[in-house]
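Worksheet for the structure shown next.
Read the figures in this text as sums done on the coordinates, not as results from a lab. Here the structure is a predicted model, which means the values were calculated and not measured. Don't worry about glycine lacking a Cβ; one is built from the backbone with ideal geometry, like all the others, and counts go over all protein chains shown.
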Amino acid sequence: MKNPLPSTRRYSIMISPPSFFTYQPFEDYEKELLNCWIMASKVFQSFDSTYENRKITIKTDWRKIKNQFKDSIEAPGELLISVVGNHECLDELSDFFTIRFLEMMFITMNISTPGSINMYDTELKNLNQDSDPYNKNWKISLGSSPFETFWETSGDLRNWPKVQFLPLNEVVSWYRKLKILFKQRASSNIERCFNALINYCQGNGFSPADFIWITHSLEALYDTPKEGIVTSLKNRIFLFLGTPDSHSKELRKKIGELYDFRSNFVHGSMEIARAPFFENLDQELWNYMNEIHKLSDFGIMLLLSSVQKIINENANSLKFYEVFETGEK
């Protein structure tokens, strides 16, 4: 029996560059941003993968965005997506394939060039509704603001840890080797890290609950033991990223503050603010929200610099071991 002819499902989504960023100098970031989007149009032009031994090809059409490639990426643009594969498989799962693909685009582009792509409060439009009345549009909410704002925090902390720009094609190649594109439940530390990060980016950036996602990502990535979490995490972060000569005590304190916020929220002792926030009525509320932002930025900065170094070392996980020696009497 001949294999059935492949079927195609079509979608569109508005994607955006960062609305603001704190990287200096501004002109350098504009150049990196443009290079990232141009590379994305090539890397994601035709993307092959498999699901349960069935080939899935996802194609992207950047024609409505490419007019910005001559100068700089400044405005949202419509990305057209086609999913090609087995008819029965696409009938049930083409929406799933497309959403997971967009999540991969979002993660890899923001690892490559932090803050480069924003999919917050947008919609994945299903262009197949005439042929299938059960198809629907999907709300997509992946905000890039965590990656846009931490550059300022990095400057405040004398550029430790080091966050850099990585070639997108290398990041995507590394991500593909993880073989997690269409998985839903995490079974490895790097998956736990990314799943928690995606959940964090689906928030609005103002919730103390976000500390749960940030710390979960860090603990998963650093394979942190269940006992002595904060001390172990501090030691492992400095072991992997290096210890700055001048202000390591300040940074250790910062990690402790991140976990103090997390602990206060989890154990019911945090002074929770209620949205919507009117900071102009309460200076203390403004200070509170600013502290949340600063600590969140710091956590994301630790996470991103760690992932980038893992990629640079062509690894996919971190493992730590305790070693001891017995000396002579």
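Toward the positive end of the charge dipole of the stretch 206-329, with +1 on the Cβ of Lys and Arg and -1 on the Cβ of Asp and Glu, the farthest Cα among 211, 232, 276 is that of 232. The calculated 222 nm mean residue ellipticity attributable to helices in the chain amounts to -15500 deg cm²/dmol, summing -39500 (n - 2.57) over DSSP H runs of n ≥ 4 and dividing by all residues. Within the straight-line cut-off of under 27 Å between alpha carbons, the lysines reachable from residue 125 are 42, 55, 59, 64, 66, 136, 139, 179, 183, sequence neighbours fewer than 8 places apart in one chain being disregarded. Computed from point charges on the beta carbon alone (+1 for Lys and Arg, -1 for Asp and Glu), the dipole magnitude for the chain about its Cα centre is near 1100 Debye. With a Förster radius of 25 Å applied to the C-beta separation of residue 19 and residue 198, the computed FRET efficiency comes to 0.80. Spin-label model, residue 290 to residue 229: label points 7 Å out along the Cα-to-beta-carbon direction sit 2.9 nm apart. Considering only 18, 53, 154, and ranking their Cα positions along the charge dipole of the chain that arises from unit charges at the beta-carbon of Lys, Arg, Asp and Glu, the one farthest toward the positive end is 53. The protection proxy used here, the mean number of other Cβ atoms lying within 10 Å of each residue, ranks peptides 144-150, 283-289 as follows, highest first: 144-150, 283-289. For residue 164 and residue 64, the FRET efficiency from 1/(1 + (r/R0)^6), where r spans their Cβ atoms and R0 equals 30 Å, is about 0.45.
Classify the stretch 158-240 as rounded, prolate or oblate from the Cα gyration tensor: take a ≥ b ≥ c as the square roots of its eigenvalues, call it rounded if a/c is under 1.5, otherwise prolate when a/b beats b/c and oblate if not. Taking the square roots of the gyration eigenvalues as a ≥ b ≥ c, the stretch 158-240 is rounded.
Sequence-distant contacts, meaning Cα pairs under 8 Å at least 6 residues apart, place the relative contact order of the stretch 199-329 at 37 percent.
With both labels modelled 7 Å from their Cα along Cα-to-Cβ, the residue 274 to residue 87 distance reads 5.6 nm. Each part reduced to its alpha carbon centroid, the stretch 223-270 and the stretch 63-100 end up 39 Å apart.
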